[in-house]
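Okay, so here's the structure we're looking at.
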């Protein structure tokens with residue numbers, strides 16, 4: 001893989017491939033519907049090939065421009081959008097907001113060549129649920145798709161050194177303003193570290209002997225206190241707060257959030 005609003009125009013069929021919704025197909029498993037959005041054909045082919053023969057994944061559309069992506073996302077209603085970080089038309093990370101607005105159930109994984117703090121932070125601020133470098137192997141791509149589809153956040157481990165380097169220099173690892181970390185209840189204090197370790201709601205519930213619904217409610221309250229809307233940003237703020245209260249910068253599996261948010 002090579003790789004990181006515009007007026008809607010006619011779809012370019014040369015850069016858009018679709019398959020019909022699975023309504024007419026008898027399926028024994030629940031498939032994750034994936035839309036690939038990248039303006040480089042070689043990248044789209046590579047991503048499609050990596051997902052091929054995975055029974056739980058279904059590529060429902062491919063688009064080669066931002067202009068095509070919105071109407072196609074509305075049409076096929078994907079669970080996951082693999083979105084290029086930077087199109088010739090503009091930044092894909094900013095376009096992420098538009099995709100989420102028109103399809104709130106869709107979760108976005110940004111694909112990028114840029115492993116810098118600014119690129120990652122911009123994607124998280126735009127509402128992305130995952131950030132994967134276009135050098136990742138097939139196993140990592142599949143892991144990221146499945147993790148994010150399960151309600152988790154996924155951040156490529158290669159991004160972490162840049163975030164922690166920024167912290168060592170006394171810089172914020174995130175470009176948006178970091179609020180004073182609010183008081184958390186004892187139960188919320190137990191959930192946050194597990195969230196930042198990349199655990200799903202089910203895993204958190206199992207570890208803390210809670211119901212999935214209870215964990216979901218706790219997370220909703222945590223998001224409200226932190227003033228965030230995504231698990232990825234909540235985990236990032238927690239990690240930053242931990243760094244601020246510790247003399248040593250630890251590099252937990254936290255911000256990797258591999259498999260969960």
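The values are calculated or read from the model by the stated rules, or taken from the named source; none is laboratory data. Remember, it's a predicted structure, so these values are computed and weren't measured experimentally. Counting neighbours? That spans all protein chains shown, and the Cβs are built from the backbone with ideal geometry, glycine included.
Would you confirm whether or not segment 227-249 contains a residue that is part of a helix (DSSP H, G or I) and modelled with pLDDT of 90 or more? No, every residue in segment 227-249 fails to be part of a helix (DSSP H, G or I) and modelled with pLDDT of 90 or more. Regarding residue 94, is this residue surrounded by 14 or more Cβ atoms within 10 Å (Cβ to Cβ) and closer than 17 Å to residue 140 by Cβ? Judged against the criteria, residue 94 is not a match.
If only one of 126, 118, 61, 106 is closer than 25 Å to residue 229 by Cβ and in contact with a strand residue (DSSP E or B) (Cβ under 7 Å, 6 or more places away or on another chain), which one is it?
Selected residue: 106, the only one of 126, 118, 61, 106 that is closer than 25 Å to residue 229 by Cβ and in contact with a strand residue (DSSP E or B) (Cβ under 7 Å, 6 or more places away or on another chain).
As for segment 165-187, it holds at least one residue that is modelled with pLDDT of 70 or more, over 17 Å from the mean Cα position of the chain (by Cα) and not in a loop (DSSP other than H, G, I, E, B). Considered as a group, the residues in segment 190-226 that are part of a loop (DSSP other than H, G, I, E, B), at pLDDT 80 or above and touching a helix residue (DSSP H, G or I) at 6+ places or on another chain (Cβ under 9 Å) include one that is surrounded by the most Cβ atoms within 10 Å (Cβ to Cβ), and that residue is 199. Cβ-Cβ distances below 8 Å connect the following pairs, each with a first residue in segment 79-99 that is at positive phi, a second residue that is modelled with pLDDT under 75 and part of a loop (DSSP other than H, G, I, E, B), and a separation of six or more residues or different chains: 90/6. Do we find a residue being outside any loop (DSSP other than H, G, I, E, B), out of contact with any helix residue (DSSP H, G or I) (no Cβ under 8 Å at 6 or more places or on another chain) and over 26 Å from residue 139 (Cα atoms) anywhere in segment 101-110? Taking every residue of segment 101-110 in turn, at least one turns out to be outside any loop (DSSP other than H, G, I, E, B), out of contact with any helix residue (DSSP H, G or I) (no Cβ under 8 Å at 6 or more places or on another chain) and over 26 Å from residue 139 (Cα atoms).
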